[in-house]
Amino acid sequence: MKISQISKETNIPASTIRYYENKGLIKIKRDKNNIRIFDESDIEWIKFIERLKSTGMPLKDIREYSKLRYLGECTTKERMDILLKHRSHVLNEQKKWKEYLNNLDNKIKIYKDILNENGGKK
């Protein structure tokens, strides 16, 4: 597959995929004309990178994880350690956002109570 196909399939701009390659997050095979050739494992890996980014994993950690991934199964423990550390970060963020949501809900309740007391008027 070519980069335009991968872009459509992953819903990620080709420029982002090129950026991932330039930053060493993905290693893409090339044909004799130096055109990128992607396979299914590349698609899944690109999607996983996006999920890591979406959960707030720093680029340096994604790069380290990627480097270890390309070294193979002998790095399974190190990759798991990176994910466990990031999981802890995600849980802390989730707790923080839950508190933020509770604060918003409390303020909304106060406003609803005020509006109900005033018959819906300001």
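Residue-wise, which Karplus ³J(HN,Hα) couplings in Hz belong to the stretch 103-110, taking 6.51 cos²θ - 1.76 cosθ + 1.60, θ = phi - 60°, and x for glycine or proline?
Ordered by residue, 3J(HN,Hα) equals 4, 5, 4, 5, 5, 4, 4, 4 Hz.
Can you give the FRET efficiency for LYS32 and TYR70, using 1/(1 + (r/R0)^6), R0 = 22 Å, r = Cβ-Cβ distance, to the nearest 0.05?
Efficiency, from the Cβ-Cβ distance: 0.45.
With N set to the number of residues, divide the alpha-carbon radius of gyration of the stretch 9-69 by 2.2 N^0.38 Å and report two decimals.
1.10
HN-Hα J couplings of the stretch 49-55 from phi, Karplus 6.51/-1.76/1.60, θ = phi - 60°, integer Hz, Gly and Pro as x?
In residue order, the calculated couplings are 4, 4, 5, 4, 4, 5, 8 Hz.
Might you tell me the accessible area per residue for the chain, computed with a 1.4 Å probe and given in Å²? Please list the in-between numbers first.
On the way: 9040 Å² over 122 residues.
On a per-residue basis, 74 Å².
Could you please state how large a percent of the accessible area of the stretch 46-122 is carbon and sulfur, counting protein chains only and using a 1.4 Å probe?
The value for the stretch 46-122 is 58 percent carbon and sulfur by accessible area.
With all protein chains present, calculate the accessible area of THR10 using a 1.4 Å probe and round the result to the nearest 10 Å².
Roll a 1.4 Å probe over it and THR10 shows about 20 Å².
Let me check against my output: what whole-number percent is the relative contact order of the chain, with C-alpha pairs under 8 Å and at least 6 apart?
In percent, rounded to a whole number, it is 17.
Please report the base-10 log of the normalised intensity I(q)/I(0) for the chain, using a Debye sum with one equal scatterer per alpha carbon and no solvent, at each q in 0.12, 0.18 (1/Å).
For the chain at q = 0.12, 0.18 Å⁻¹, log10 I(q)/I(0) is -0.60, -0.97.
For LYS60 and ASN118 in the same chain, what is the full-extension length gain: residue separation times 0.36 nm, less their Cα-Cα distance, in nm?
Gain on extension, LYS60 to ASN118, equals 15.5 nm.
Hey, what number do you get for the chain at 222 nm if only DSSP H runs of n ≥ 4 count, each worth -39500 (n - 2.57), divided across all residues, to the nearest 500?
-24000 deg cm²/dmol
Efficiency by 1/(1 + (r/R0)^6): what FRET value for ARG87 and SER4, r their Cβ-Cβ distance, R0 = 30 Å, to the nearest 0.05? Mind showing how you got there, number by number?
Working: r = 34 Å, r/R0 = 1.14.
Calculated transfer efficiency: 0.30.
Cross-link partners among lysines for LYS85, C-alpha distance below 19 Å, same-chain residues fewer than 8 apart left out?
By straight Cα distance, LYS85 reaches LYS53, LYS60, LYS67, LYS77, LYS95, LYS96.
Residue-wise, which Karplus ³J(HN,Hα) couplings in Hz belong to the stretch 87-102, taking 6.51 cos²θ - 1.76 cosθ + 1.60, θ = phi - 60°, and x for glycine or proline?
For the stretch 87-102, the Karplus curve yields 4, 4, 4, 4, 5, 5, 5, 4, 4, 4, 5, 5, 4, 4, 5, 4 Hz.
The values are calculated or read from the model by the stated rules, or taken from the named source; none is laboratory data. None of these values were measured; they are calculated from a predicted model. In this analysis, Cβ positions are derived from the backbone assuming ideal geometry, glycine residues included, and neighbour counts consider all displayed protein chains. These accessible areas exclude ligands, DNA and RNA; they are computed on the full protein's heavy atoms, side chains included. Shrake-Rupley method; radii C 1.70, N 1.55, O 1.52, S 1.80 Å.
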